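Structure first, then comments.
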Amino acid sequence: MAKNKSANIKLVLNQLVSDVFEKNSNQPLNYKQVSAKLNLNDQESRETILEVLKEGKSAGIFLEPEKGKFKLKELQNFLTGRVDMTADGSAYIIPDDEFEKDVFVAPRKLKNALHGDSVKVYVFAKKHGRKNDGEVIEIIKRAKSDFTGVIKISERFAFVIADDKKMMHDIFVPLSDTLGAKNGQRVLVGLTDWPEGAKNPIGTVKHVLGDQGENNTEMNAILAQYGFPLSFPPAVEKEADAIPEEISETEIAKRKDFREILTFTIDPADAKDFDDAISYQKLPNGNHEIGVHIADVSHYVHQGTELDKEAYSRATSVYLVDRVIPMLPERLSNGVCSLRPHEDKLCFAAVFELDDEANIKSEWYGKTVIHSDRRFSYEEAQEVIENKEGDHSSEILKLNELAHILRERKFKNGAISFESTEVKFKLDENGKPIGVYVKERKDAHKLIEDYMLLANRKVAEFIATELKGKNKLTFVYRVHDSPNMETLNTFANFASRFGYKINTKSDKEIAKSLNHLMADVEGKKEQNVLTSLAIRSMAKAIYTTKKTSHYGLAFEYYTHFTSPIRRYPDVMVHRLLQDYLAGEKSADAEFYEVASAHSSAMEKRAAEAERASIKYKQAEYLEENVGNVYAGIITGVTEWGMYVEIEENKCEGMVRLREISDDFYVLDEKNYCIIGQRKKKKYQLGDEVTIKVKKVDLAKRQIDFSLVI
């Protein structure tokens, strides 16, 4: 232990000493001068620094150009980056500086760093022909300290085998810290210590999730694995419970009153949180006033409160297969803020006057009070559209007619229509999947989407152009960059094999040809493959204060204003818009940029959790079908296998390359295929194959197929 401690001190000193040379333009210095610059002037420290310099010289870190004087052999021997763990326990450090090369770190030199951690590494002097390699000297920030896994309990101790494949170490848990967990149960464990030289970290069980295979256990395990809390802290619930549902006359007097104007919501049949409503009235001049009324969450959730801190931390609601984990406590998300029918509700609205060609004649932004006349499900609204009769049919048909014009204009301007199939599960009372179906998107869905897009676009445009005056106002935008042309060209080459042409000459031509492609593939077996590859060739949309356009929607200005019950960026947008309408100065850009980056990261994490829940339900559904044979389509290829999606039920599993017995297959990444080395047989993305369900591992959410050749 003492030896390890000494080595560790020397590593840190190595860094400090190197910093001295870097700060002094790498001028030769003796050990006394280095000690003085570090304010380490006692004899013992000086001798240690001399040792560091001599050992560093032997290791090729320092040079001794003249007797007793040293300098760095190379500048910048240290860098910071993120740990990317490999399957054998070694890692690559992805540098924060994008111009630096990745650094290989052997398992014994990781200093207990885990996948995703931010670390500082010492990069060894590069030997001829060898890759960059180094040693972790400091863990700057842990990516995560909580892990889900299965607990194994013996008479003297317990340990948790983590679900995370990149967590290479079992976590030791003292028997006193097991929280009553039983052997084999799934738990959430938090790391508490990792003693110097110890092989395994020490942890304590924070939550017993339950028995493996139970629906609640597995869904909670997914939430915990991706860092989403399983409940709200008492202080947050207390704040939520203290908010009154009643609206005072004083508050109503401050707002534009829409309670006498026809207003309704259109949402999924099982929705409980209604955060947007549409109002409609025909004006005396023949134009149409359409109000997009959004739940006024920022009226109830004030910056700096416990409610606000929790909402910021979560940043988004999470939608698993069988449940919603809300960003706000139920009292707000399903109660006070939810725009339920036949109740007075407070809103923040974007109100537009449109002519018969859906041209905007005027617009207004501000606080409103509404009284929703009707709560439509998508199916009910669709019936009205198709049958041209029913509650408020004339108003809904006019709204639908105008929405069609807005939609066509959007695509004409270069927006891209990605219509991938969305799979839903029919669940029994225990959450077990008993059926799979594909969700259809019809006019009722698109109508609501078109008016939400209109509000989001015009709010962003209003801030960026109307209100800015001489100064740019800090705002939270939703931006989407142009695609990487190299990636897009690769996709275009692949799509051409199916007979589809992608014109990459200009942004408009790209959008036009992608829309033709999306229309042509609808309902065909290759739809999901080509749609998902097209989406992957695009940049990812993010939140930022740096205004750029939204490529996918072809909007120069875009934000998220319409869902503050379930997205924190929308809450920030409401606050900023209200401040600027009141004449306030521009807000702190740094705070909102950090908050935007956090929201983007949490959005990605929520999407991963949702995918994990779908994977689990797919595995659970196919568990009853092991041995069955299905027609499938190849949806992905990797160096270890190919992913196949069953056409009948859209469940996806893997055929492992080592188990295809007629040849030795290798990956051809460029051409999205695997090729047999002797017979040259090829399996390509989009090919139809016949598979048998070989094995299902619920705990790992894995489905294994075998090829029926």
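The residues on offer are ASP356, ASP322, and the sole one that is assigned to a loop (DSSP other than H, G, I, E, B), touching a Gly at 6+ places or on another chain (Cβ under 7 Å) and not aromatic (Phe, Trp, Tyr) is ASP322.
Looking at the range 207-231, which of its residues are surrounded by fewer than 18 Cβ atoms within 10 Å (Cβ to Cβ), part of a loop (DSSP other than H, G, I, E, B) and in contact (Cβ under 8 Å) with a residue 12 or more places away in the chain? If the condition is that a residue be surrounded by fewer than 18 Cβ atoms within 10 Å (Cβ to Cβ), part of a loop (DSSP other than H, G, I, E, B) and in contact (Cβ under 8 Å) with a residue 12 or more places away in the chain, then ASP211, GLN212, GLY213, GLY227, PRO229, LEU230 are the ones that fit. Take ALA455 and tell me if it is in a helix (DSSP H, G or I), exposed (fewer than 14 other Cβ atoms within 10 Å of the Cβ) and at negative phi. Spelling it out, it is not the case that ALA455 is in a helix (DSSP H, G or I), exposed (fewer than 14 other Cβ atoms within 10 Å of the Cβ) and at negative phi. For the range 662-692, filtering for residues that are without any contact (Cβ under 8 Å) to a residue 40 or more places away in the chain and of a type in the set (Gly, Ala, Ser) leaves 1.
Out of SER313, SER333, one residue alone is in a helix (DSSP H, G or I), hydroxyl-bearing (Ser, Thr, Tyr) and in contact with a Pro (Cβ under 7 Å, 6 or more places away or on another chain). It is SER333. Working only within the range 260-278, note down all residues that are charged (D, E, K, R) and not in a loop (DSSP other than H, G, I, E, B). Answer for the range 260-278, where residues must be charged (D, E, K, R) and not in a loop (DSSP other than H, G, I, E, B): ASP267, ASP276. Taken as a whole, the condition of being surrounded by 21 or more Cβ atoms within 10 Å (Cβ to Cβ), in contact with a His (Cβ under 8 Å, 6 or more places away or on another chain) and in contact (Cβ under 8 Å) with a residue 60 or more places away in the chain does not apply to ALA350.
For the range 186-205, taking the residues that are buried (at least 19 other Cβ atoms within 10 Å of the Cβ) and assigned to a loop (DSSP other than H, G, I, E, B), the one that is modelled with the highest pLDDT is identified as PRO201.
Could we say that SER338 is hydroxyl-bearing (Ser, Thr, Tyr), at pLDDT 95 or above, out of contact with any Asp or Glu (no Cβ under 7 Å at 6 or more places or on another chain) and not assigned by TED's automatic domain parsing to the domain that holds LYS604 here?
Spelling it out, it is not the case that SER338 is hydroxyl-bearing (Ser, Thr, Tyr), at pLDDT 95 or above, out of contact with any Asp or Glu (no Cβ under 7 Å at 6 or more places or on another chain) and not assigned by TED's automatic domain parsing to the domain that holds LYS604.
Scanning the range 603-623 for residues that are within 21 Å of VAL438 (Cβ to Cβ) and either touching a residue at least 60 places away in the same chain (Cβ under 8 Å) or not in a helix (DSSP H, G or I) (or both) yields GLU610, ALA612, SER613, ILE614, LYS615, TYR616, LYS617, GLN618, ALA619, GLU620, TYR621, LEU622. Screening ILE565, ILE510 for residues that are at pLDDT 95 or above and not acidic (Asp, Glu) leaves exactly one candidate, ILE565. Residues in the range 447-505 that are free of Cβ contacts under 8 Å to residues at least 60 places away in the same chain, among the acidic types (Asp, Glu) and closer than 27 Å to VAL529 by Cα: GLU449, ASP450, GLU486.
The values are calculated or read from the model by the stated rules, or taken from the named source; none is laboratory data. Just so we're clear, the structure is a prediction, and the values are computed from it rather than from any experiment. Reconstructed Cβ throughout: ideal geometry from the backbone, glycine too, with neighbour counts over all protein chains shown.
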